[in-house]
Ligand code: PEP
Ligand code: MN
């Protein structure tokens, strides 16, 4: 059942949105690209009635130069028109003091801090100083790296500047593997942030975690099951023409059916979505396991060459005992059965010894 939210006014606080709706939903294109694109998206979102803020990037912090870097301040006119037509409050990303002043000058209702900016405490402090004394909600995305202190530190800088409406946005963390997901969700980090800052609402940005429109819904599902306080989702009327993040944006209809599925508890598809999301995460971890094993074997190879030069035995029982003790302890601390981890490490060790013997024999033959 769809419950229409009253379109929020500029004065509405995020805490009252959460109280009334039980969640906060922010949606809109990755970037504002044209007047038509912004207004068409806003109309579709407002018609659904469950969206609280229209998002659109005006300045885009891009990893590589030459990518689309945003339309700049002209985009505020389109956002303001969209708000005037639909009543939806507007949100944009700020990455500098100048962005804050421009956004405030143009009456933006909510600001967010992007993942690249959160990693820089100088910039965060500059933005926090620029915003001092202004009562505007600010959503702080997690940094690119899984560094909870950096994320918490940025939030605390805003709190110290007297910002009273702060939210956190989980958008995943950079990973180097070839997983189907653009960013690693690493759910334990937002959960840890919740423990550290229980009063800060945390929403999920499934679009940047997924990186692909087909995976957005299962990430969103997982977030809602884990008690997140809402979502920030990229929605674009023609994703294939989008100037940034084209692969991950949903068309308004897809977004609306995703919300229907997410918030309809009787929907059986939910567990399938959850299952596929969990499998994607398992794939990332498996990839990390294999790549950790490969890196370990490279170090073993290096060690083998030193042992050969120094005429040392391949098997060093003391060293092996201490490794087994250490990993058993770590396993226990992390809720794994130590006997399982010992079996696993014995097998790794066997492979390392065989590998080292082969290395020694090969160099003896040479
Ligand atoms: C965005 O929201 O479009 C964006 C650039 O996100 P992030 O900072 O999470 O990469
Ligand atoms: Mn984006």
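The values are calculated or read from the model by the stated rules, or taken from the named source; none is laboratory data. Only a predicted model underlies this, so the values are computations on that prediction, with no experimental measurement involved. Backbone-built Cβ (ideal geometry, glycine too); neighbour counts: all protein chains shown.
Identify, from the list 27, 56, the residue that is in the same structural domain as residue 95 (by TED's automatic domain parsing), within 16 Å of ligand 2 (Cβ to nearest atom) and free of Cβ contacts under 8 Å to residues at least 40 places away in the same chain.
Being in the same structural domain as residue 95 (by TED's automatic domain parsing), within 16 Å of ligand 2 (Cβ to nearest atom) and free of Cβ contacts under 8 Å to residues at least 40 places away in the same chain holds for just one of 27, 56, which is 56.
For the stretch 52-69: of the residues being within 15 Å of ligand 1 (Cβ to nearest atom) and at pLDDT below 95, which is surrounded by the most Cβ atoms within 10 Å (Cβ to Cβ)?
By that ranking, first place goes to 60.
Need the failing condition index for residue 22 against (1) surrounded by fewer than 23 Cβ atoms within 10 Å (Cβ to Cβ); (2) within 15 Å of residue 139 (Cβ to Cβ), just the number.
Residue 22 satisfies every listed condition except (2).
Counting residues that are more than 14 Å from ligand 2 (Cβ to nearest atom), modelled with pLDDT of 95 or more and surrounded by 19 or more Cβ atoms within 10 Å (Cβ to Cβ), which helices (runs of 4 or more DSSP H) fully inside the stretch 181-244 reach at least 1?
Because the criterion is at least 1 residues that are more than 14 Å from ligand 2 (Cβ to nearest atom), modelled with pLDDT of 95 or more and surrounded by 19 or more Cβ atoms within 10 Å (Cβ to Cβ), the helices (runs of 4 or more DSSP H) in the stretch 181-244 that meet it are 188-196, 213-225.
Restrict the check to the stretch 262-279 and report whether at least one residue is assigned by TED's automatic domain parsing to the domain that holds residue 141, touching a strand residue (DSSP E or B) at 6+ places or on another chain (Cβ under 9 Å), at pLDDT 95 or above and surrounded by fewer than 24 Cβ atoms within 10 Å (Cβ to Cβ).
No, the stretch 262-279 contains no residue that is assigned by TED's automatic domain parsing to the domain that holds residue 141, touching a strand residue (DSSP E or B) at 6+ places or on another chain (Cβ under 9 Å), at pLDDT 95 or above and surrounded by fewer than 24 Cβ atoms within 10 Å (Cβ to Cβ).
Are any residues in the stretch 239-249 within 18 Å of residue 45 (Cα to Cα) and touching a residue at least 40 places away in the same chain (Cβ under 8 Å), and if so, which ones?
242, 248, 249, listed by residue number.
Is it true that residue 284 is in contact with a strand residue (DSSP E or B) (Cβ under 8 Å, 6 or more places away or on another chain) and outside the structural domain of residue 184 (by TED's automatic domain parsing)?
yes
Search the stretch 82-101 for residues that are in the same structural domain as residue 137 (by TED's automatic domain parsing) and pair each with any residue that is modelled with pLDDT under 95 and within 16 Å of ligand 1 (Cβ to nearest atom) when their beta-carbon atoms are under 8 Å apart and the residues are at least 6 apart or on different chains.
Cβ pairs passing all conditions: 93/60; 93/61; 95/61.
Output the residues belonging to the stretch 108-142 that are within 16 Å of ligand 1 (Cβ to nearest atom) and modelled with pLDDT under 95.
Within the stretch 108-142, just 119 meets the criteria.
Could you check how many residues of the stretch 34-51 are under 24 Å from the mean Cα position of the chain (by Cα) and surrounded by fewer than 24 Cβ atoms within 10 Å (Cβ to Cβ)?
1
Out of the residues in the stretch 33-44 meeting the condition of being within 16 Å of ligand 1 (Cβ to nearest atom) and touching a residue at least 60 places away in the same chain (Cβ under 8 Å), tell me which one is farthest from residue 242 (Cα to Cα).
41
Results for (1) closer than 19 Å to residue 185 by Cα; (2) over 23 Å from the mean Cα position of the chain (by Cα); (3) within 16 Å of ligand 1 (Cβ to nearest atom), shown as yes or no for each residue.
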site: 230; (1), (2), (3): yes, no, yes
site: 240; (1), (2), (3): no, no, no
site: 245; (1), (2), (3): yes, no, yes
site: 248; (1), (2), (3): yes, no, yes
site: 251; (1), (2), (3): no, no, no
site: 259; (1), (2), (3): no, no, no
site: 278; (1), (2), (3): yes, no, no
site: 284; (1), (2), (3): yes, no, no
site: 288; (1), (2), (3): yes, no, no
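Would a scan of the stretch 249-257 turn up a residue that is in contact with a helix residue (DSSP H, G or I) (Cβ under 9 Å, 6 or more places away or on another chain), within 16 Å of ligand 2 (Cβ to nearest atom) and closer than 21 Å to residue 61 by Cβ?
yes
Restricting to the stretch 159-172, name every residue that is crowded, with 23+ Cβ neighbours inside 10 Å and not in a loop (DSSP other than H, G, I, E, B).
Selection gives 167, 168, 169, 170.
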